[in-house]
Every structure is written in structure tokens, then in C-alpha cells.
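See structure below.
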Amino acid sequence: MKTKTLSQEAETRLIDFFNHIIDPEDMAKTLRLANFSIALGVMNEYEYFQNEIIKLSDCYFWINELAEILNPYLSEE
């Protein structure tokens, strides 16, 4: 993984995201929950996913929101 300094625009969007959209601690919990759920699903041959669909849906939403803040792709025309 390469490291790079965020552009001023990306930094501003990220600060706005965590100040107005989702709390950083909640985002961290969401990321950990997604990692946990995916890992358990893989280890248990996907049986676990049936119980975690709603949580994974929420995780997916927030991970996608963060990705769009860091590197807009879907929102650009």
C-alpha cells in the first residue's frame, strides 16, 4: 500500500464527513463490524451471513460513503 498526502479538497471533504455525517468512532465500529462479519462468513462457509445481512448492509453504506469522500467516483458525472 502506498502512502500519499491527501489533497486539500479530500481533506476538507473528510473533515466535513466526520463532523457532519458520521462520528469517527461510529465509522471505526462500522469498519470493524464489516471486517468481523466478512471474516466469520468466510470461515463458516457463508452461513453466518444470513444473520448479519442488515448489519452488513449498514457497513456497506458507510464504507461506500467514506470511499466517495476520499476519492469521488460514483458522484462524479
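The values are calculated or read from the model by the stated rules, or taken from the named source; none is laboratory data. Everything numeric in this text was worked out from a predicted model, so none of it was measured. Virtual Cβ from ideal backbone geometry, glycine too; neighbours counted across all protein chains shown.
Number of residues in the stretch 38-77 that are among the aromatic types (Phe, Trp, Tyr) and at pLDDT 65 or above: the value is 4. Taking the criterion of being surrounded by fewer than 11 Cβ atoms within 10 Å (Cβ to Cβ) and either within 14 Å of LEU66 (Cβ to Cβ) or not acidic (Asp, Glu) (or both), the residues of the stretch 8-22 that qualify are GLN8, ASN19, HIS20.
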